[in-house]
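Peer 1: My questions will all concern the structure given below.
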Amino acid sequence: MNKYATIATTWLKRIFSFGIIILVIGIQQKMTIQNKERGGNISDTTKLNYNEKFRPQFHFSPPNNWMNDPNGMVYYKGEYHLFYQHYPDSNVWGPMHWGHAISKDLVHWQNMPIALYPDEHGYIFSGSAVVDWDNTSGFGTKDNPPLVAIYTYHDAEKEKTGSIEFQTQGIAFSIDLGRSWQKYEGNPVLLNPGIRDFRDPKVIWHPTSKKWIMALAVQDHVQLYTSKDLINWEYASDFGKTIGAHGGVWECPDLFPIVNNDGEEKWVLLLSINPGGPQGGSATQYFVGSFDGLTFKPDDEKIRWLDYGADNYAGVTWSDIPKEDGRRIFIGWMSNWQYANIVPSEIWRSAMTIPRVLTLSNDNMLLQQPVKEINKIINEISVATDLKINENTKVKELAIDSLSHLKLSFNELSKGAFSITLGNDAEKVIFTIDCENHQFIFDRSESGNVAFHNEFPKLHYTAFDKGEKISDTEIFIDASSIEIFVNNGKYVFTELVFPENPYKKAYISLSAEQATKQVAIGRIHGIW
């Protein structure tokens, strides 16, 4: 080829490459305009990620990369804000930011820009957010009260020097409905008194004392602080050094009032622990008692677990739910620190549980029910009543969808054993109610990909009282999770699964002494 032909070929290649670049830019600009017109802020390419393998279809998960604890959950002017621990540069844990999403119905979520970035004081660890209705902080006005976020600074550089005072508390505020956040120039507002683990502030307004109350996780217990303005904090009391499960570090406290079934007001303190959970690794315990504005006093020293599955951690409740609503709404991080960094997802990592309403029985048991709003994405497929089990196989086979809702009611399930198997041709999970041995058993040993951690396929056992009758079981099946609510949410099991193909069949097995009153099967519609 002569030199002129070579020059011509080179220029043609450059022109072609330039044309491709212009075309790509044009497509991206068009996609951005279309996305803005839809009211979103995620590129269409990112939206395609929600169809990737194992991606939850009706649980919240981040557009991409790492997520853990829910943070800053606050309701304001018709919007539920969900912030979360987020590392935008990798699908494993790293320097923490606050990711952000907003919902009007607790079901459909709009992803928002990152709310809080690390700064000279450190990473942005877990915390909470409130509406400062009386503008006690001075960040807004009475007519436009600020949203105030309270969070932990984690100074990784200070930690490297060997200091244990690397965690402090900071605040930020928003006066534009949570769309943008400004950090307080006087941060940090609560210095470290010399404690290595000093984090996860959960703040509420206490009307009786007219003060803000902060519950703070302090290594192996909780410290309570008070403030009149969200800026200046005073130590009030300690709780938990000799009470509760102490198999690991205490994290993510949440203190709130709740009225039990007898109409009596109680106070509940949620407290996550890692490790030391009932199935190994991380889990959330809770205490029920009284609070006088300074001190929390439990009614007893019984250890109670919020969830008996392996995969519900660091959950807390929304603040500022309107009085006319009156619900105490909870959401948790659907994972376990044993294997959270290595589960077999790629573009994204981790999801949240279904939002749940907490109520309190008169014997101090927290009951959990999925929020009623979830029903808007469930279509009933079939209902089987007075279910007859095949006398030869003792098993009834039912078809389910890849995203399914099952609701079973029983005729006094108190003898023998009941089991439901969810599976495809090669994989399965089995949930058993063993009335003879008074225990629930969740078996995910053949659920799909279980090889990434040796703890993942182990059987999960949970005891229940001898003679207790099981009346109902509700099951939600997503692409990589199963949530089970038994006896009106008295027993709850949140479990991850990673099947190669969706579960499309349910096999119900009953002993001769038992009968199923009804099995309702519903199809759940994806939210993305």
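The values are calculated or read from the model by the stated rules, or taken from the named source; none is laboratory data. Model, not experiment: these values are computed from the prediction. Quick reminder, even Gly has a Cβ in these numbers, built from the backbone with ideal geometry, and neighbours come from all protein chains shown.
Peer 1: Just checking, does the range 509-520 include any residue being in contact with a Leu (Cβ under 7 Å, 6 or more places away or on another chain) and under 28 Å from G277 (Cβ atoms)?
Peer 2: No, every residue in the range 509-520 fails to be in contact with a Leu (Cβ under 7 Å, 6 or more places away or on another chain) and under 28 Å from G277 (Cβ atoms).
Peer 1: May I ask you to list the residues in the range 305-323 that are among the charged types (D, E, K, R) and under 19 Å from the mean Cα position of the chain (by Cα)?
Peer 2: Matches in the range 305-323: D307, D311, D320.
Peer 1: Quick check, is E346 assigned to a loop (DSSP other than H, G, I, E, B), at pLDDT below 95 and of a type in the set (D, E)?
Peer 2: It is true that E346 is assigned to a loop (DSSP other than H, G, I, E, B), at pLDDT below 95 and of a type in the set (D, E).
Peer 1: Filter the range 349-377 for residues that are under 24 Å from I521 (Cα atoms), not in a strand (DSSP E or B) and not aliphatic (A, V, I, L, M) and give the result.
Peer 2: Of everything in the range 349-377, those that are under 24 Å from I521 (Cα atoms), not in a strand (DSSP E or B) and not aliphatic (A, V, I, L, M) turn out to be T353, P355, K372, E373, N375, K376.
Peer 1: Please work out if K302 is touching a strand residue (DSSP E or B) at 6+ places or on another chain (Cβ under 6 Å) and more than 30 Å from V497 (Cβ to Cβ).
Peer 2: Considered against the rule, which asks whether it is touching a strand residue (DSSP E or B) at 6+ places or on another chain (Cβ under 6 Å) and more than 30 Å from V497 (Cβ to Cβ), K302 comes out as no.
Peer 1: Next up: Looking at G309, G244, G293, G277, can you tell me which residue is touching a residue at least 40 places away in the same chain (Cβ under 8 Å) and within 30 Å of Y184 (Cα to Cα)?
Peer 2: G293
Peer 1: Quick one: would you say K302 is part of a strand (DSSP E or B) and either surrounded by fewer than 18 Cβ atoms within 10 Å (Cβ to Cβ) or more than 14 Å from the chain's Cα centre (by Cα) (or both)?
Peer 2: No; evaluated as a whole, the condition is false for this residue.
Peer 1: Out of curiosity, is T161 assigned by TED's automatic domain parsing to the domain that holds T284 and surrounded by fewer than 16 Cβ atoms within 10 Å (Cβ to Cβ)?
Peer 2: yes
Peer 1: Is it the case that the range 489-499 has a residue that's crowded, with 16+ Cβ neighbours inside 10 Å, farther than 25 Å from S350 by Cβ, at pLDDT 95 or above and hydrophobic (A, V, I, L, M, F, W, C)?
Peer 2: Looking through the range 489-499, none of the residues is crowded, with 16+ Cβ neighbours inside 10 Å, farther than 25 Å from S350 by Cβ, at pLDDT 95 or above and hydrophobic (A, V, I, L, M, F, W, C).
Peer 1: For Q169, all conditions in the list (1) part of a loop (DSSP other than H, G, I, E, B); (2) of a type outside the set (D, E); (3) at pLDDT 95 or above hold save one; what is the number of the exception?
Peer 2: Status for Q169: all satisfied but (1).
Peer 1: Also: Out of all the residues in the range 65-76, is one or more assigned to a loop (DSSP other than H, G, I, E, B) and either in contact with a Ser or Thr (Cβ under 9 Å, 6 or more places away or on another chain) or at pLDDT 95 or above (or both)?
Peer 2: no
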